[in-house]
Amino acid sequence: MDEKIIQDLWKAAQGPWETGVLPSTEQLSRARKSIPNTLPATGSRLDSVQRHILEEIVPAFNGGSISPNYYGFITGGVTPAALFADNVVSAYDQNVQVHLPNHSIVTDVEFNTLGMLADLFRLERSTWQNGTFTTGATASNILGLACGREFVLQKAAQRNGSQVTSVGENGLLEVLQAAGLSGIQVLSTMPHSSLVKAAGVLGIGRANVRNVCSADNVLHFDMDVLEKELARKDKATIVAISCGEVNTGRFATSGAEQMKEIRRLCDKYDAWIHVDGAFGIFCRGLEDTAEFATIKKGAEGIELADSITGDGHKLLNVPYDCGLFFCRHHNLAPQVFQNANAAYLSSGPSEGPSIPSPLNIGLENSRRFRALPVYASLLSYGREGYSDMLQRQIGLARAVYGWIYDSPAYIALPEATSKPELLDQTFMSVLFRAKNDNLNSELAKRINETSRMFVSGTSWQGAPACRIAISNWRVNVERDTALVTEVLNQVAQL
Ligand SMILES: *Cc1c(COP(=O)(O)O)cnc(C)c1O
């Protein structure tokens, strides 16, 4: 199978792959008008429903995952293997909730796919082939903070001599009271917004997610403040590591030594370490070469963490919804996510490794077979294929950053003292702004109006900025560098 199936769909629809990364106003209003405003009393023929969707709805989609020049939101793409497997998932509609080894192979495939991902990320299978497939990194961050919340409060309640120790069983307020604590804090550096959301969902509170950034680099921890906060007597602590900050693509930690130090401190104070490696974890798949040495240091030592988030629908290039969650403590997730008292859902006798039932270690009961597209894509590309894909993404980011650094119209961010220093730290994101303030205030809009590429508008140190996030498997360094620099030139009217 090749790209043909995708292209056929796009050809049928004359979609944005041909016409631009954003739908036109006409396409949008035509699609909007085509949507019926009441439920039809009788059904239509399947072919007419198909025609409506392909000819009226699809043309008003954006290039999100299909176009290699859609650089907003880290959308990833969909590899042909993943697309094939995702269609199999829908056609066979397997419910992956209970491990029933005599009834279906699906939980075995999921378990082994987690193992292959551990291999890809160079994590020990014996420790890390533990976890589950979620709907995305947001859900994985909820799982990570939920396991962390359970762990740090169990420790605190035990220290206090209490029998009431489990948030999952006894409830958050009861355990906090038993532990003599006023709450939980999450210490981080520029965490992704979804981590803050997770704290809100879990009763930790968004206001209790705190930056402990060093004065000279907001992406890095101030280790002295970190220790002071960990030592607090009134709060239990989860340390959340931004393994890939979403604006810059840069990393919170500087290598194995620093991770060891954070681990030592967290052990001393019974804290939990959660790594949000939604996209950053993928740099562990790169070969050990001088070219990638600096960025690889950013994800070094994350095997010392307690839980790790990865995203499937970003750099892994499988379709939505797919997130990855790894946790080294295999007994912990069941204490939080146990689907209690449903004997009819218990799994049968199993041979081989013990595979947990997904409904007891994650949010959902019924859910789709999320691992199959991952499995298919990993088999289709292997370590080398994924490394090649990522090298092209990094190659494009570095080519564009270098061009921006030299450009009279733009400034590369964070501001660098030299081009080699900037490129050395570049992963797959490019953050920049225009030197001219008037242009800068509408830069993202002007770039996106060309519809040749799409960037996210963001802000950096209080002023507007643009981000080019490169995550599609179709990247062609030469072709895409030419396109991006042409558009940036045109927008700056050079
Ligand atoms: C994208 C992202 C998330 C959220 O991921 P979703 O898959 O959109 O839920 C979390 N953390 C980081 C670092 C991200 O880049």
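The values are calculated or read from the model by the stated rules, or taken from the named source; none is laboratory data. The structure displayed is predicted, hence computed values, not measured ones. We place every Cβ from the backbone using ideal geometry, glycine too, and count neighbours over all the protein chains shown. Surface areas here come from the heavy atoms of the whole protein model, side chains and all, with no ligands, DNA or RNA. Shrake-Rupley method; radii C 1.70, N 1.55, O 1.52, S 1.80 Å.
Couple of notes before you dig in:
- In summary, the chain shows an alpha-carbon radius of gyration equal to 1.02 times the 2.2 N^0.38 Å reference for compact globular proteins.
- Label point distance in nm, residue 214-residue 231, each placed 7 Å from Cα along Cα→Cβ: 2.0 nm
- Straight-distance candidates among the aspartates and glutamates for linking to residue 419, with alpha-carbon spacing under 17 Å and chain neighbours fewer than 8 residues away dropped: 291, 406.
- Nearest-20 debye value, the chain charge dipole, Cβ charges on Lys, Arg, Asp, Glu: 800 debye
- Rg [Å, one decimal], Dmax [Å, integer] - region 92-377, C-alpha atoms: 18.6, 58
- Cα gyration tensor shape for region 114-261, rounded if a/c is under 1.5, else prolate or oblate: oblate
- FRET efficiency, residue 48 to residue 435 (Cβ-Cβ, R0 45 Å, nearest 0.05): 0.25
- Relative packing of peptides 183-189, 54-60, 386-392 - highest average C-beta neighbours within 10 Å first: 183-189, 386-392, 54-60
- Rolling a 1.4 angstrom probe over the protein heavy atoms with all chains in place gives region 239-386 an accessible area of 38 Å² per residue.
- Partner lysines for residue 297 [C-alpha distance under 19 Å; skip if fewer than 8 residues away on the same chain]: 260
- Dipole of region 92-377 [Lys/Arg +1, Asp/Glu -1 at C-beta], most positive-end residue of 162, 99, 377: 162
- Residues within the reach of a label modelled at residue 193 (point 7 angstrom out along Cα to beta-carbon, backbone nitrogen below 14 Å), restricted to region 231-274, are 246-247.
- Packing-based ranking of 466-476, 144-154 yields 144-154, 466-476, ordered from highest to lowest mean Cβ neighbour count within 10 Å.
- Extents of region 268-405, largest first, come to 61, 42, 28 Å (Cα atoms, principal axes, whole angstrom).
- Rounded percent of accessible protein surface that carbon and sulfur make up, the chain, 1.4 Å probe: 51 percent
- For residue 33, a cut-off of 29 angstrom between C-alpha atoms picks up these lysines, skipping any fewer than 8 places away in its own chain: 11, 445.
- Computed lengthening from residue 92 to residue 340, 0.36 nm per intervening residue step minus Cα-Cα distance: 86.5 nm
- Extension reserve of the residue 223-residue 490 stretch, reckoned as 0.36 nm per residue once the Cα distance is removed: 91.6 nm
- Global form of region 345-494, assessed from the alpha-carbon gyration tensor, a/c cut-off 1.5: prolate
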